[in-house]
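A short worksheet on the structure shown next.
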Amino acid sequence: MVKDELLRKLILALAVYAIFCAISATGRLGQWGIALMTMAGLGIPLVWGWRTGRWREIGFVRMTDGRTVIGWGIAAGIATAILGVLVIGTVAPPPDLAVELALGGVLWLLVASPFQEFFFRGWLQTRLENALGAPVGLLLATLLFTLWHYVAPFTGGAFPLETPVGFIATFAAGWAYGYSFQRTGSIVTPWLAHASAGIVFIIIGSMDFTAQFAAM
């Protein structure tokens, strides 16, 4: 009976992941698809938490030890940023760095990081860990997170996804976010890690948010 329940949780997690990937693919069709992808990433875990009341399971907990939560987030973010510099190989801050940080920093902190972390770490990883155990669940969630980057509308992300190095780097970054989440149980940790790494990618010139907005 327990095995049947675990299998049901695994199938449900993979089915919801497939739906999320299908929604994310619409981002390639226009800005409306990107908005739909973002709303799905935020909405799936938030609606689940609201319907079940099991917010703690997806990392929405009170920070009884804020230093640990923030410390792990910063550490994972720094590790990912260092990896980004090594993989990209060049540091070329944009000429309009202040504008990029004002725009991109807010987007990373309030949009890009939370919609990915709420779904992949808060919802998907916890489901997979319940079904397969923490180590295997983390690895599978990280793999699915990495593969999702090939479906989502990322044309100029931090890592070169078309190369094996880019794949490995994306996997390593996802593992860092997921492991930091395991260590604290707070969704704030990977949220902060992913956002801080994204801001570093802006500083080193790997992302250009003003150009993307100009193309809208």
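Structure summary
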read-out	value
Relative contact order (%) - region 2-214, alpha-carbon pairs under 8 angstrom, separation at least six	34 percent
Student exercise, region 13-77 dipole from Lys, Arg, Asp, Glu Cβ charges, in Debye to nearest 20	100 debye
Least to most buried among Y177, Y150 (fewest other Cβ within 10 Å first)	Y150, Y177
Answer label for Rg/Rh (Cα atoms, Kirkwood Rh) (calculated), chosen among (1) 1.00; (2) 1.04; (3) 0.96	(3)
Point-to-point label distance, A75-C21, nm (Cα→Cβ direction, 7 Å offset)	3.2 nm
Cut-off 16 Å, label 7 Å out along Cα→Cβ of T64, residues of region 185-199 by amide N	185-187
DSSP H segments from the chain that extend 18 Å or more along their own axis, Cα-based, with Kyte-Doolittle mean of -0.5 or above	2-25, 31-52, 66-88, 134-148, 164-184, 188-203
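Read-outs: derived from the displayed coordinates by stated rules, not from any lab. Keep in mind the model is a prediction, meaning the values are calculated, not measured. Cβ atoms come from the backbone with ideal geometry, glycine included; neighbour counts cover every protein chain shown.
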